[in-house]
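Here's the structure, in C-alpha cells; my notes come after.
The values are calculated or read from the model by the stated rules, or taken from the named source; none is laboratory data. Remember, predicted model here, so these are calculated numbers, not experimental data. Glycine gets a Cβ as well: all are built from the backbone with ideal geometry, and neighbour counts include every protein chain shown.
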Amino acid sequence: MFHTGPPVVSVHPSRAMVDEAFKVQVENLPPGSPVTLHSLHQSEDKDYWEAFGHYVSDHRGTVSVADDLSCGGTYTGKEAMGLLWSMRPVPGSREGLRLRKLNVCIPQLVNISVYSGHVGVGFREQDPLASVLTERWYMAPGVRRIDIKEKGVRGTLFIPHGPGPFPGLLDMWGGGGGLLEYRAALLASHGYASMALEYFNPAEVNTAELELNYFETAFNIVRDHPQVMSDRVGLFGLSLGSIVSISLAAWSSVVKPRCCVCISGNHTHARGGTIGDVFNEFITNVHKVRMDENNYEIWRGMGLPIPDDISQKVDVGKINCPILLVNGDDDQNWPTVESAEDMAQMMRAAGNEHLLTRLEYPDAGHLIEPPYSPHFRATKFLKDGQKGYTASI
Amino acid sequence: MDMKQHCVKLSVQPSRGLVDEKFTVLVQNLLPGFQLTIHALHQCEDGHSWEAFAHYTANATSIVNVSQDPSLGGTYSGVEPMGLLWSLRPVPGSKTGLRLRKMNVQTPMGVTISVYQGHQKEGFLDQVLLASVVVERWYMAPGVRRVPITEGRLTATLFLPSGPGPFPGLLDLWGWGGKLVEYRAALLASHGIASMALDYLTPKETGRMVDNDYFETAYRVLEQHPQILGSRIAMLGLSFGAGVTLRMAVYSKGLKLSCAVCINGSHVQPIDGPLEQIMTYFNKNVEKTRFDEDNQLICRDLMLPIPTDPSLKVDVGRLQCPLLLVVGEDDQNWPTYESAMDMREMMERAGNSHLLTVLSYKNAGHLIQPPFTPFTRASTFKSVTIPPFTMMALWGGELVAHSRAQEDAWRKTLVFLRENLYGDMKPGALFSNL
C-alpha cells in the first residue's frame, strides 16, 4: 500500500518521570527506508545535547526503538532509552560539560526527530521528516518543595503527596558543592520525604569548615519533621556524600540512620576534622595524580593503597544498619571498589558483614546517577578556584 | 483489622497522561483480605467537586490492581481500569444539572486518587486516609501550540501538533450551547491533526447567525496555513455541529473535505436558505418536545418523523468523501439513530454508501465525548437562541454502556481520521457494526 501521508514520530508516555522508560515509534514511512532517530535537548546552561540511532523501517513502514536494532549512531543495538543516555554535547560545544537539572519544578524538554537516511552530522541544517516534544520530570504531581534554612543547615526538602507520615532520607552530593535537588525530588516522587543538603559552595570544598555535627543537625531536621517517620530516616550519598554517610553510620552517637545507600564512596579517612580537612587529606598525595591521553586528571591513585592502620579509616565494624554500596569498576576518580573490599573485610572481622550489600558494575565510572542520564567520561571539576579536569569514567 | 499507615503503597502510572490514555492504579503492601476503598476526587474549574470510588478486597498477593481486580461496589463495579474517571459524579450536596468540561486546556485536570480503609460510601473527609497521589490528565501533549485565530470574523482557536509539520487539518464544531470549546481540538492536535475549534453560534456583533461563508473562511485559514496540508482537511461535528458538517460537506463549493465525522447529529434541516432557517424550522416544531417524569426536556421528536421532502434533508447521496457517523442509540436530544438509518438508505439508493461507516452504540446517549469523560445523563443547558432559554436537557444513555461507547468511538474515530488524512487517498468504508 502506498502511503502518501507524512511520517509520524511518537513518544509514549509523552510526559514521564526521568526514571521511567518510554517507547519511541515512527510510522508511515516507506517500507525498508533508512532513517535516523535523533534527540535534542537544550540544557539550562544553554548547551545543546544530542543522540541519534540509525534504523531501517519494516514492511509496514514502522520503526520501534524499543524493539528494533540501531545499526549506528551514539548507541547501537536494541536500546529503548539510548536516545537519552547516549546524549552528548553537540559538536563545537565547550569541553567538560555535565548535564544536571537545577530547576526541578519544570520538566526537561527533549525533541525527538526522524531524519531521512543514516545521518551523523549536521542535524541543524536539515529538515526532519517529523518531530515531537517529550517531557521528562524529576517531580511527580503533588510533591512539595520546601526551602530549609534552620539551625545553620541549608537544603531543600521534598515531601510526597498524601497524608504521611513518610520514611525520610538525607541526600548528599559530592565534592563539587552547591545544592543539587534532582535526586531528592525523584526520591520524593517514590514516596520518601527527602532533603537535598547543601554543605559547601561550589569549588570551596577544601575550605569547608563543616564537621560531622552539621550533618547530624540536618538529619534531625528530617527526622523531626511532622510528616516524617522519625524511626525511618536513611542516608543517601554520592562520592563525598557517601563518605559522610559512612562516617555518620559508624561514628555518630546522635543519629541512627535506618539504612545507608552509598554511591562511589570510601572509608579511608581519619576521625575528626572538617569536610575541608577530609578533602585535603585525600589530596595530600597529589603527586600520585596521573593524566590520561586527553590530559584529564586521574585521581584514583591518591587513594591507594588502602591503609591497614584502622585509625586511618572509618571503623565500619561499628555500623549497625543495612548499608548498600554502589560502585563502578572503572572509577578513575577514586578507588571505590578497593575501598568496598576493605570495608567488607573489616565488617567480616567485626561480625556485621550481614548488613552489607555491594553492587559493582563493570565499566561503570564514578558518577552513577539516576537512570537514562547522559554519561560523562570526564567533566570539569573546579578546585582551588582554578579549572582542572577530573577524569571520572 | 488495622493497617499501619506507612505500609500501604499507592501508585498510578503514568502520573501525567493525556486524557485519552489509560492508567494503572496499584495498591501494594496490603494484608490479604484487607478491605479498602479507592477514591478519586477532582475539583473542576467552576469550583464543583466530583468524585468516584470503588470497593476492593486484597487477595492473597496483597496487591490490588484496578486494571485486573473487580470492584465490589461503588460508583462502578467489576474490572474497570478507568472507572475512577468515567464514573466521576458531583459530590453529594452539589447543584443539580452539572456537567464536567475543561475550558482552559493549557493546564491539566488534577485528580487526587486516595486509598481509604474499609468499604466506604460517603463522608470520605472523615475517614482514615492511607495513601494518596495526584494524577495529571492533559488535553495538550508537549509541544502542541495553541493559536487564537483573529482573521475574518472568526471566533476560533487553532491547535498545531508538535513538530515542523506540515499536518493535516480539521474543523471542530460543537452544538447548540455555543461558546468556544477547545478540548477536543487540543486532543486531536495531540494526535497529529492541526485542529481548529470553531465557535459559530455565540453572536458577536449583530446577533445574527453566521452562514456558509463563515465556515468557508475557517476552511481557508486552515488551507492557507504554512504548516497545514491544504489537500487534507477534515470536519468533525457533534450535535448541531454534525448537521452543519453535513451541509458544508455536500453543498459548499469552497470546502473540499478529505472526510467528515458526525457525532449524534442529523441531516434533517431546511437546505434552501441560510443557516438561520434551521433555527426557525426547529422553533416551528417546538411543541413536539416533551418532558419526562423528572422534568427533563426531550428534544428528539422535534425532527421526527424523518421527512421525505428532499428540501428538508441534506442530500447525502451527493457526498463525495468518507463519512463516519457515531450514533448513541439512546440519544434523547436528537433523533440520531433514525437519521443515520435514513442517511444510509439515501446513500444506498444514490450508490455512494461505500463512503459510509456507522458506529452505533446501544444505551449510549447524546454526549459522546473523548474517553473517560464523566457521563452526564442530563444537565442544565442554555441555548443560544434568541431569546435564550435554560432547561434541564435529557441527553440519554446509561453509565457503563455510554462510557464504553466513548472509548470505542474515539479510538475508531482516530483510526478513521488517520487513514483518511495520513494514508492513501483511496476512499473506503472501514468497518460497520450494523
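The residues listed here are A:GLY162, A:GLY174, A:GLY117, A:GLY168; of these, the one that is more than 8 Å from chain B (Cβ to nearest Cβ) and modelled with pLDDT under 95 is A:GLY174.
Output the residues belonging to region B:388-419 that are modelled with pLDDT under 95 and either assigned to a helix (DSSP H, G or I) or within 14 Å of chain A (Cβ to nearest Cβ) (or both). Residues satisfying the conditions are B:ARG418, B:GLU419.
Do you know which residues across region A:292-302 are touching a Phe, Trp or Tyr at 6+ places or on another chain (Cβ under 9 Å) and surrounded by fewer than 15 Cβ atoms within 10 Å (Cβ to Cβ)? Steps first, please.
Of all residues in region A:292-302, those touching a Phe, Trp or Tyr at 6+ places or on another chain (Cβ under 9 Å) come to A:294-297, A:299-300, A:302.
Listed by number, the residues that qualify are A:ASN294, A:ASN295.
Just the residues that are of a type in the set (A, V, I, L, M) and either part of a loop (DSSP other than H, G, I, E, B) or not assigned by the TED database to the domain that holds A:SER247 (or both), please, taken from region A:297-315. Working first, answer last.
So the first thing to find is which residues in region A:297-315 are of a type in the set (A, V, I, L, M), and the list is A:298, A:302, A:304, A:306, A:310, A:314.
The answer is A:LEU304, A:ILE306, A:VAL314.
From the list B:ASP331, B:ASP294, B:ASP301, exactly one residue is touching a helix residue (DSSP H, G or I) at 6+ places or on another chain (Cβ under 6 Å), of a type in the set (Asp, Glu), farther than 30 Å from B:ARG232 by Cα and not in a strand (DSSP E or B). Which is it? Quick ask: steps written out before the conclusion?
Working: B:ASP331 fails: touching a helix residue (DSSP H, G or I) at 6+ places or on another chain (Cβ under 6 Å); B:ASP294 fails: touching a helix residue (DSSP H, G or I) at 6+ places or on another chain (Cβ under 6 Å).
Exactly one residue qualifies, and that residue is B:ASP301.
From A:LEU99, A:LEU179, A:LEU187, grab the single residue that is more than 8 Å from chain B (Cβ to nearest Cβ), of a type in the set (A, V, I, L, M, F, W, C), crowded, with 20+ Cβ neighbours inside 10 Å and assigned to a loop (DSSP other than H, G, I, E, B).
Numbers: A:LEU179 fails: crowded, with 20+ Cβ neighbours inside 10 Å; A:LEU187 fails: assigned to a loop (DSSP other than H, G, I, E, B).
After ruling out the rest, the residue left standing is A:LEU99.
Examine region A:79-89 for a residue that is part of a strand (DSSP E or B), modelled with pLDDT under 95 and within 12 Å of another protein chain (Cβ to nearest Cβ), and state whether such a residue exists. So far as region A:79-89 goes, no, none of its residues is part of a strand (DSSP E or B), modelled with pLDDT under 95 and within 12 Å of another protein chain (Cβ to nearest Cβ).
Among B:GLY163, B:GLY175, which is the only one that is crowded, with 23+ Cβ neighbours inside 10 Å, touching a Ser or Thr at 6+ places or on another chain (Cβ under 6 Å), modelled with pLDDT under 95 and closer than 25 Å to B:GLU45 by Cα? Lay out the reasoning, then the answer.
On the way: B:GLY163 fails: closer than 25 Å to B:GLU45 by Cα.
Criteria check complete, one pass: B:GLY175.
Of all the listed residues (A:THR217, A:THR156, A:THR134), the sole one being surrounded by fewer than 19 Cβ atoms within 10 Å (Cβ to Cβ) and either within 14 Å of another protein chain (Cβ to nearest Cβ) or touching a residue at least 40 places away in the same chain (Cβ under 8 Å) (or both) is A:THR217.
Is one or more of the residues making up region A:208-215 touching a Gly at 6+ places or on another chain (Cβ under 9 Å), of a type in the set (D, E, K, R) and in a loop (DSSP other than H, G, I, E, B)? Looking through region A:208-215, at least one residue is touching a Gly at 6+ places or on another chain (Cβ under 9 Å), of a type in the set (D, E, K, R) and in a loop (DSSP other than H, G, I, E, B). Considering only residues that are among the aromatic types (Phe, Trp, Tyr) and closer than 12 Å to A:HIS118 by Cα, which ones fall in region A:46-79? Matches in region A:46-79: A:PHE52, A:TYR55.
Can you say whether A:LEU133 is touching a Ser or Thr at 6+ places or on another chain (Cβ under 6 Å) and modelled with pLDDT under 95, as far as the supplied structure shows? Criteria not met by A:LEU133.
Here B:CYS262 fulfils each of the conditions (1) in contact with a strand residue (DSSP E or B) (Cβ under 8 Å, 6 or more places away or on another chain); (2) farther than 17 Å from B:ASP172 by Cα apart from (2). Scanning region A:273-295 for residues that are in a loop (DSSP other than H, G, I, E, B) and modelled with pLDDT under 75 gives A:GLY273, A:THR274. Scanning region A:227-263 for residues that are touching a Pro at 6+ places or on another chain (Cβ under 7 Å), part of a strand (DSSP E or B) and surrounded by fewer than 24 Cβ atoms within 10 Å (Cβ to Cβ) yields a total of 2. Can you tell me how many residues in region A:343-359 are exposed (fewer than 13 other Cβ atoms within 10 Å of the Cβ) and hydrophobic (A, V, I, L, M, F, W, C)? Residues flagged as exposed (fewer than 13 other Cβ atoms within 10 Å of the Cβ) and hydrophobic (A, V, I, L, M, F, W, C) within region A:343-359 amount to 1. Take the conditions farther than 21 Å from B:GLY241 by Cα, without any contact (Cβ under 8 Å) to a residue 60 or more places away in the chain and either within 14 Å of chain A (Cβ to nearest Cβ) or buried (at least 17 other Cβ atoms within 10 Å of the Cβ) (or both) and apply them to B:MET196. Does it pass? Against the criterion (farther than 21 Å from B:GLY241 by Cα, without any contact (Cβ under 8 Å) to a residue 60 or more places away in the chain and either within 14 Å of chain A (Cβ to nearest Cβ) or buried (at least 17 other Cβ atoms within 10 Å of the Cβ) (or both)), B:MET196 does not qualify. In region B:4-43, which residue that is within 23 Å of A:VAL228 (Cβ to Cβ) and basic (Lys, Arg) is surrounded by the most Cβ atoms within 10 Å (Cβ to Cβ)? Result: B:LYS9. Once region A:220-235 is narrowed to residues that are within 25 Å of the chain's Cα centre (by Cα) and either of a type in the set (A, V, I, L, M) or closer than 18 Å to A:PHE200 by Cβ (or both), the residue that is nearest to the other protein chains (Cβ to nearest Cβ) is A:VAL228. Here is a check on your reading of the model: is B:LEU246 in the same structural domain as B:LEU414 (by TED's automatic domain parsing), modelled with pLDDT of 95 or more and in contact with a His (Cβ under 7 Å, 6 or more places away or on another chain)? Taking the combined requirement at face value, the residue satisfies it. Residues in region A:303-325 that are surrounded by fewer than 21 Cβ atoms within 10 Å (Cβ to Cβ), aliphatic (A, V, I, L, M) and modelled with pLDDT of 95 or more: A:LEU324 only.
Among the helices (runs of 4 or more DSSP H) lying completely within region B:203-288, list those that include at least 3 residues that are of a type outside the set (Phe, Trp, Tyr) and under 26 Å from B:ALA340 (Cβ atoms). If you could, list the steps in order and put the result at the bottom.
Values: elements: B:212-224, B:240-251, B:276-284.
In region B:203-288, the matching helices (runs of 4 or more DSSP H) lie at B:240-251, B:276-284.
Yes/no per residue for (1) of a type in the set (Val, Ile, Thr); (2) touching a helix residue (DSSP H, G or I) at 6+ places or on another chain (Cβ under 7 Å):
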position: A:GLU79; (1), (2): no, no
position: A:VAL90; (1), (2): yes, no
position: A:ARG98; (1), (2): no, no
position: A:GLY117; (1), (2): no, no
position: A:PHE166; (1), (2): no, no
position: A:LEU169; (1), (2): no, yes
